[in-house]
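Comments concern the structure below.
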Amino acid sequence: MTFFWSIYRIFKKQRIIFSLSLVVLLLVSAFYASQLQFTEDITKMLPNSRNLKQFSFVYSNSKFLDKLVFNISLKDSTQDANPKLLSQFADDFSLALEHKFKPSH
């Protein structure tokens with residue numbers, strides 16, 4: 001608390017130093033804000049692993065980038081995945097989404 005109180009007292013007495021500090025702070029902030037680069041590739045946020053690299057490659061080179069992708073897996077990764085069960089769930093999920101969000105013509 002005394003640190004901030006001492007800064008306040010210095011700036012209260014020396015308004016020119018406060019004004020210059022504020023301008024410098026704003027300029028530095030504006031410079032770093034202008035250096036930000038945005039990307040639409042959400043796969044860059046995911047951790048690096050072999051499976052995710054393959055998924056990222058397929059996703060980024062796909063012609064269907066306007067599609068929504070779901071990764072379906074078992075919650076318990078120690079169990080052996082039953083491909084038929086996962087496929088059936090994916091089909092049921094797809095049909096449920098199509099039924100709920102069917103575009104009206």
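Each reported figure results from applying straightforward, stated rules to the coordinates on display, with no laboratory input. It should be emphasised that the depicted structure is a prediction, and the values quoted were computed from it without experimental measurement. All Cβ positions, glycine included, derive from the backbone under ideal geometry; neighbour counts span all protein chains shown.
Simple spin-label estimate for F31 and R50 gives 4.6 nm between the two label positions (7 Å along the Cα-to-Cβ direction from each Cα). Annotation: extensible slack from H99 through S21 equals 22.1 nm (criterion: 0.36 nm per residue apart, minus Cα-Cα distance).
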